[in-house]
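Report on the structure given below.
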Amino acid sequence: MNVLFITLDQFRGDSYGAAGHPLVRTPTLDRIAREGVRLERHFSQAAPCAPGRAALYTGTYQMNNRVVANGTPLASHLENIATIGRRAGFDPTLFGYTDQGLDPNQAEGFDDPRLDNYDGVLPGFSVGLYLPESQAGWIQYLRARGYDVPSGWAPALRGEPDRPAEDSLSGFLTSRFVQWLEVQEGGWFAHLSYLRPHPPYAAAGEFAKLYDPADVAMPIAPVDREHRHPVHEIALAVKASAAPTDEDDMRFLRAQYYGMISEIDFQLGRVVDAIEQRGEWDDTLVVITSDHGEQLGDHGLIEKLGFFPQSYHVIGLWRDPRSALATRSVRSFSENVDLLPTLCDALGVEPPTQCDGRSLSALMAGEEVEWRNCAHYEWDFRRYWIKDHTGRWPADRTLSRQNLAVSLSDETGYVQFGDGSFKCFDLVADPTWRVECDDAQRVLAAAQEQLVWRQEHLNRDMTDMLLSVERRGRWPVRFEEARLPGRSAVR
């Protein structure tokens, strides 16, 4: 079997054909959805990129992996998708980036240059194509092709509409993967980590004109100022996260985002064609997701931040041609932390005890299984305060209060802020998160659900072990799992 693990950076879960989008054309993604399982309500666990990927790659919530910002190191004791692949006998190979910083405990002294950024390659990966944040390899390729390309990844990407899609960043990555694939024997494992549809909002070549802005729907408007939480108000005041207020500019931005999605779908079509030409499509497990979503103007915001679900609802596709699937879609809440244990199931290896997620195998097989009734995600915004912060831990806990956690159920969206404030949205009355719940019992139930979720997923590195003479010959000794009537499993 081959493994093709694909991440599409900043890909909203509602923005492709199989998800029911009325405008965006994505024939390749739609085909994979038809041949596999579409996770309808699939969520990333954090934003921005490094926190979202830490959860995805390790199967752990932010409250346990503690990667709270781009640049926060990832603890080296955590297993990840690449080390799992190696345990299963593969040589996992990266095309793109992983956005995970080096654990300082693994550094070769204070002056180790790997501590200067978070561009490092996740431990366990071999490198087929490494694209750091500078996108230097792609820019050098463009200049060799005769293009006058400015330095810096953002200016280079803003020029994508002026170049044919064959020379796009996504096209560059795809071509390198296809070249690598040509010399592989069976049993390969590749992680294709595409930057698009991450901003800047500029689609490549002909895809920049694929969608007429006049055909693009306008986003959800923000609530009145008196009903906004201060975090929402601050985000609206920041240039990098405030959506355009001019309608034409907003429609253009959304049209470019959809163009980027169609272009990445085209490049994925090249990937599928290359695998099919080798006769390996029916021997290839395909997983597609994203590190986080995109506000796309909803609630007056762009990029990925805050507590609204648009920043966390992401694409989720799973295609395993060896499995007899009982369903083509999973409506239950699924999370990126579930993908690592599910991959362990598929590869026949034991999932690490660190995993906060659960294998989706039974759900995808159509079995009746006890499952979560909420999706959960977190956002830590201390990076907005840390510049002017002078307090020292542990006496000053100010930074540790600059965060929020969300529990999203069928009926409510409950947001708990680290300063003790909260918001609870009534999704029955208004699924767009603009009406707050005024039923105290429903609010209490939502708050209690989140508290229980946190208690259930406390770090358990050694919690289930007992030091005793009986451990000899059968370590570790673990507590027996007890199930109380009407409650989740406890240890």
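Out of Thr284, Thr342, Thr289, which single residue is among the polar types (S, T, N, Q), at pLDDT 95 or above, surrounded by 19 or more Cβ atoms within 10 Å (Cβ to Cβ) and more than 18 Å from the chain's Cα centre (by Cα)?
On the way: Thr342 fails: more than 18 Å from the chain's Cα centre (by Cα); Thr289 fails: more than 18 Å from the chain's Cα centre (by Cα).
Within the list Thr284, Thr342, Thr289, the selection yields Thr284.
Among the listed residues Arg38, Arg86, identify the single one that is basic (Lys, Arg), in contact (Cβ under 8 Å) with a residue 24 or more places away in the chain and surrounded by fewer than 22 Cβ atoms within 10 Å (Cβ to Cβ).
Testing whether each residue is basic (Lys, Arg), in contact (Cβ under 8 Å) with a residue 24 or more places away in the chain and surrounded by fewer than 22 Cβ atoms within 10 Å (Cβ to Cβ) leaves just Arg86.
For the range 1-119, please list each of the helices (runs of 4 or more DSSP H) lying entirely inside it that holds at least 2 residues being farther than 24 Å from Tyr312 by Cα.
It comes to 81-87.
Specify which of the listed residues (Gly293, Gly306, Gly269) is of a type in the set (Gly, Ala, Ser), assigned to a helix (DSSP H, G or I) and in contact with a helix residue (DSSP H, G or I) (Cβ under 8 Å, 6 or more places away or on another chain). Step through it out loud before you land on a result.
Numbers: Gly293 fails: assigned to a helix (DSSP H, G or I); Gly306 fails: assigned to a helix (DSSP H, G or I).
Being of a type in the set (Gly, Ala, Ser), assigned to a helix (DSSP H, G or I) and in contact with a helix residue (DSSP H, G or I) (Cβ under 8 Å, 6 or more places away or on another chain) holds for just one of Gly293, Gly306, Gly269, which is Gly269.
For the range 375-389, check the following and say yes or no: at least one residue is assigned to a helix (DSSP H, G or I), touching a strand residue (DSSP E or B) at 6+ places or on another chain (Cβ under 9 Å) and under 26 Å from Ala69 (Cβ atoms).
yes
Got a sec? Which of Gly146, Gly152 is more than 24 Å from the chain's Cα centre (by Cα), surrounded by fewer than 17 Cβ atoms within 10 Å (Cβ to Cβ) and within 16 Å of Glu133 (Cα to Cα)?
On inspection, the qualifying residue turns out to be Gly152.
Being out of contact with any helix residue (DSSP H, G or I) (no Cβ under 9 Å at 6 or more places or on another chain) and surrounded by 12 or more Cβ atoms within 10 Å (Cβ to Cβ) is the filter here; which residues of the range 366-400 pass it?
Gly366, Arg383
Among the residues of the range 191-213, is there at least one that is surrounded by 20 or more Cβ atoms within 10 Å (Cβ to Cβ), part of a helix (DSSP H, G or I) and of a type in the set (Phe, Trp, Tyr)?
Yes: the range 191-213 contains one or more residues that are surrounded by 20 or more Cβ atoms within 10 Å (Cβ to Cβ), part of a helix (DSSP H, G or I) and of a type in the set (Phe, Trp, Tyr).
Just checking, how many residues over the range 162-183 are crowded, with 16+ Cβ neighbours inside 10 Å and either of a type in the set (D, E, K, R) or over 20 Å from Tyr97 (Cα atoms) (or both)?
Within the range 162-183, residues that are crowded, with 16+ Cβ neighbours inside 10 Å and either of a type in the set (D, E, K, R) or over 20 Å from Tyr97 (Cα atoms) (or both) number 4.
Would you be able to say whether some residue in the range 52-59 is within 14 Å of the chain's Cα centre (by Cα) and on the phi > 0 side of the Ramachandran plot?
yes
Quick one: count up the residues across the range 215-266 that are closer than 19 Å to Ala202 by Cβ and in a helix (DSSP H, G or I).
Of the residues in the range 215-266, 20 are closer than 19 Å to Ala202 by Cβ and in a helix (DSSP H, G or I).
Condition first: charged (D, E, K, R) and surrounded by 15 or more Cβ atoms within 10 Å (Cβ to Cβ). Now tell me which residues in the range 421-438 satisfy that.
If the condition is that a residue be charged (D, E, K, R) and surrounded by 15 or more Cβ atoms within 10 Å (Cβ to Cβ), then Lys423, Asp426, Arg434, Glu436 are the ones that fit.
Which residues, taken from the range 335-346, are more than 16 Å from Arg41 (Cα to Cα), touching a residue at least 24 places away in the same chain (Cβ under 8 Å) and not β-branched (Val, Ile, Thr)?
Leu340, Pro341, Leu343, Cys344, Ala346
Six or more apart or on different chains, Cβ under 6 Å: which pairs go from a residue in the range 407-432 that's in contact (Cβ under 8 Å) with a residue 40 or more places away in the chain and of a type in the set (S, T, N, Q) to one that's part of a strand (DSSP E or B) and surrounded by 13 or more Cβ atoms within 10 Å (Cβ to Cβ)? Could you list them?
These pairs meet every condition: Ser407/His376; Ser407/Tyr414.
When Val349 is evaluated against the numbered criteria (1) at pLDDT 95 or above; (2) outside any loop (DSSP other than H, G, I, E, B); (3) more than 17 Å from Gln45 (Cβ to Cβ), which criterion, by number, is the only one it fails?
For Val349, the failing item is (2).
Is one or more of the residues making up the range 120-134 assigned to a helix (DSSP H, G or I) and under 24 Å from the mean Cα position of the chain (by Cα)?
Within the range 120-134, the first condition is being assigned to a helix (DSSP H, G or I), and the residues that meet it are none.
No, the range 120-134 has no match at all.
Which residue is surrounded by the fewest Cβ atoms within 10 Å (Cβ to Cβ), if the candidates are limited to the range 309-330 and must be hydrophobic (A, V, I, L, M, F, W, C), in contact with a strand residue (DSSP E or B) (Cβ under 8 Å, 6 or more places away or on another chain) and in a loop (DSSP other than H, G, I, E, B)?
Here the residue is Leu325.
Taking the criterion of being at pLDDT below 95, of a type in the set (Val, Ile, Thr) and in contact with a helix residue (DSSP H, G or I) (Cβ under 7 Å, 6 or more places away or on another chain), would at least one residue in the range 401-423 satisfy it?
No: zero hits.
If Tyr57 satisfies all but one of (1) crowded, with 18+ Cβ neighbours inside 10 Å; (2) within 18 Å of Asp265 (Cα to Cα), what's the number of the condition it fails?
(2)
The values are calculated or read from the model by the stated rules, or taken from the named source; none is laboratory data. None of the values given here were measured: they were computed from a predicted structure. When we count neighbours, we look across all protein chains shown, and the Cβ atoms used for this are built from the backbone with ideal geometry, even at glycine.
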